[in-house]
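Here's the structure we're looking at; comments come further down.
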Amino acid sequence: MAKVMAVNCGSSSLKFKLYEMPEEKVITSGIVERIGHEDAIFQIKVGDNKLKEILSVKDHGEAVQIVMDAMIKHHIINDIHEIKATGHRVVQGGPYFKESTPFNEDTYKKIESLIPLAPLHNQAHLVGYNAFKKVLPNTPAVAVFDTAFHQTMAPEDYAYPIKKEYAEKYMIRRYGAHGTSHKYLSEVGDKLLGDKENKRLIICHLGSGASISATKDGKCVATSMGLTPLGGIMMNTRTGDMDPSVYYQIQKMSGKSYEEIFQEFNKQSGLFGVSGVSNDSRDVSNEANNGNEDAKLALDLWSRRIADFIGQYYVRLGGCDMIIFSAGIGENAPELRALVLNKIKEALNVDIDWNKNNEARGIEEEISTPTSKIKVYVIPTDEEVMIARDAYKLIKE
Ligand code: AMP
């Protein structure tokens, strides 16, 4: 038995989950938000209680210390050295990382060199890693990449039709994202399919950020997110794929900078931009039910893009055995799943048990009928357990 910690550091946040391995038992979890502020928020689970504290947290180093002190104070651990390994989520692994990789000088330098491709994320991950290294200098750490699972894609699935010079010089290609979630869901989906050979899955990770991937026998064949998480399907605040000249035209007409428009495409578009309501799909859904036409259009666009990708991946895989819905929206919003399913059911011979669809909220559930040509499942994702597994591997080997 060993305790390992899954860590997800953002530019002003630190999320953590402590596991007892190999049982995969969650001992505690929590978050430090608003790092760098006098009124940072620290939350930690102690048994069934969630404790919350507002306090000054100068930097990530202080945040790690606060987490460790709280775990000792609440008798979750007796000593910080009980934590035998840490696993750190890293958004961009570029073409370098096909799997989770122990942190060493080379890993660190490569993650650093990829900062231009994920400026906010990769920088923050390294700040987080350094903060842990200071407190636990001899504890092994592993980097778990959001992009690694998608490295099995063939050039025809990841290359962009741009000048070769740009692709090579600036490493411009599709990398995808949410790979840890897609990998977890493909493993669960493949297990549910049992002994069948040639398992073809279409996995819809529909959270605030969202992506779809096509997998064959546990390997990623195609994924919707692109060079950055802006690509693919329409999301809560991101545009997803568009004619690139939309960028050019808005820039020319509005006089705004490319940077400003890039931020708008990331943070003020998608469901939020089209509906003008909110960046939370629940609010958009409620408004649409109240007759708000912009909210309705937003959801129609959203579900149309997802249905189109499912159709595309059906062709790419030469058929499909299972469609999986997961993440915040995919797990919890039956009415939004229904919007997508109604757009694919006829062409793909998908038959849904609508009662089951309505009941499936935050639980694993088959929502298709036995006669459906494709099985449709709701499966809660678990990226943290994948990080914990990779961290545990470090000390097991
Ligand atoms: P995630 O990024 O996976 O945490 O997902 C966040 C998204 O899931 C937000 O747009 C939420 O509105 C949506 N979401 C979470 N719970 C529900 C729910 N019960 N019904 C509808 N949408 C939900």
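The values are calculated or read from the model by the stated rules, or taken from the named source; none is laboratory data. Here the structure is a predicted model, which means the values were calculated and not measured. Note that we place each Cβ from the backbone using ideal geometry, even for glycine, and neighbour counts take in every protein chain shown. Protein only, heavy atoms only, side chains kept; ligands, DNA and RNA dropped before computing areas. Shrake-Rupley method; radii C 1.70, N 1.55, O 1.52, S 1.80 Å.
Which numbered condition in (1) open to solvent by less than 50 Å² (accessible area, probe 1.4 Å); (2) farther than 19 Å from GLY209 by Cβ; (3) under 27 Å from the mean Cα position of the chain (by Cα) is the only one that TYR247 fails?
For TYR247, the failing item is (1).
Just wondering, is there one or more residues in the range 185-205 that are within 16 Å of the ligand (Cβ to nearest atom), surrounded by fewer than 24 Cβ atoms within 10 Å (Cβ to Cβ) and within 12 Å of the chain's Cα centre (by Cα)?
no
Being more than 12 Å from the ligand (Cβ to nearest atom) and either open to solvent by less than 10 Å² (accessible area, probe 1.4 Å) or not charged (D, E, K, R) (or both) is the filter here, so list the residues in the range 276-287 that pass it.
The answer is GLY276, and nothing else.
Could you tell me which numbered condition ASN78 fails, if it satisfies all but one of (1) under 24 Å from ALA118 (Cβ atoms); (2) part of a loop (DSSP other than H, G, I, E, B)?
Among (1) under 24 Å from ALA118 (Cβ atoms); (2) part of a loop (DSSP other than H, G, I, E, B), the lone unmet condition for ASN78 is (1).
Just checking, does the range 62-72 include any residue being open to solvent by 70 Å² or more (accessible area, probe 1.4 Å) and either over 19 Å from GLY128 (Cα atoms) or in a strand (DSSP E or B) (or both)?
Looking for residues that are open to solvent by 70 Å² or more (accessible area, probe 1.4 Å) and either over 19 Å from GLY128 (Cα atoms) or in a strand (DSSP E or B) (or both), one finds none in the range 62-72, hence no.
Can you tell me which residues in the range 299-337 are of a type in the set (A, V, I, L, M, F, W, C), within 12 Å of the ligand (Cβ to nearest atom) and in a helix (DSSP H, G or I)?
If the condition is that a residue be of a type in the set (A, V, I, L, M, F, W, C), within 12 Å of the ligand (Cβ to nearest atom) and in a helix (DSSP H, G or I), then LEU299, TRP302, ALA327, ILE329, LEU336 are the ones that fit.
I need the full set of residues from the range 339-369 which are buried (at least 17 other Cβ atoms within 10 Å of the Cβ), touching a strand residue (DSSP E or B) at 6+ places or on another chain (Cβ under 8 Å) and more than 19 Å from GLY189 (Cβ to Cβ), in order please.
LYS345
Can we say ASP217 is away from the ligand (no atom under 15 Å from the Cβ), at positive phi and among the charged types (D, E, K, R)?
Considered against the rule, which asks whether it is away from the ligand (no atom under 15 Å from the Cβ), at positive phi and among the charged types (D, E, K, R), ASP217 comes out as yes.
How do the pairs read when you match residues in the range 116-127 that are without any contact (Cβ under 8 Å) to a residue 40 or more places away in the chain with residues anywhere that are assigned to a helix (DSSP H, G or I) and hydrophobic (A, V, I, L, M, F, W, C), using Cβ under 8 Å and keeping only pairs 6 or more apart or on different chains?
So the pair list comes out as ASN122/ILE111; ASN122/ILE115; LEU126/ILE111.
Could we say that ILE115 is among the β-branched types (Val, Ile, Thr), modelled with pLDDT under 95 and within 30 Å of GLY176 (Cβ to Cβ) here?
It is true that ILE115 is among the β-branched types (Val, Ile, Thr), modelled with pLDDT under 95 and within 30 Å of GLY176 (Cβ to Cβ).
Which ones in the range 370-388 are closer than 19 Å to LYS15 by Cβ and either surrounded by fewer than 21 Cβ atoms within 10 Å (Cβ to Cβ) or more than 19 Å from the chain's Cα centre (by Cα) (or both)?
PRO380, ASP382, VAL385 - these are the residues of the range 370-388 that are closer than 19 Å to LYS15 by Cβ and either surrounded by fewer than 21 Cβ atoms within 10 Å (Cβ to Cβ) or more than 19 Å from the chain's Cα centre (by Cα) (or both).
Quickly run through the range 293-309 and pick out the residues that are farther than 16 Å from LYS343 by Cβ and surrounded by fewer than 18 Cβ atoms within 10 Å (Cβ to Cβ).
GLU293, ASP294, listed by residue number.
Taking the range 340-386 only, how many residues are within 16 Å of the ligand (Cβ to nearest atom) and part of a helix (DSSP H, G or I)?
The number of residues fulfilling the criteria is 9.
Restricting attention to the range 159-178, which residues are of a type in the set (Gly, Ala, Ser) and either assigned to a loop (DSSP other than H, G, I, E, B) or modelled with pLDDT under 95 (or both)?
ALA159, GLY176, ALA177 - these are the residues of the range 159-178 that are of a type in the set (Gly, Ala, Ser) and either assigned to a loop (DSSP other than H, G, I, E, B) or modelled with pLDDT under 95 (or both).
Within the range 123-170, track down each residue that is in contact with a Phe, Trp or Tyr (Cβ under 8 Å, 6 or more places away or on another chain), of a type in the set (A, V, I, L, M) and open to solvent by less than 20 Å² (accessible area, probe 1.4 Å).
LEU126, ALA141, VAL142, ALA143, ALA148 - these are the residues of the range 123-170 that are in contact with a Phe, Trp or Tyr (Cβ under 8 Å, 6 or more places away or on another chain), of a type in the set (A, V, I, L, M) and open to solvent by less than 20 Å² (accessible area, probe 1.4 Å).
Hey, among SER269, SER257, which residue is away from the ligand (no atom under 12 Å from the Cβ) and open to solvent by less than 40 Å² (accessible area, probe 1.4 Å)?
From the options SER269, SER257, the qualifying one is SER269.
Going by the conditions given, is LYS15 assigned to a strand (DSSP E or B), more than 20 Å from THR180 (Cβ to Cβ) and open to solvent by 40 Å² or more (accessible area, probe 1.4 Å)?
no
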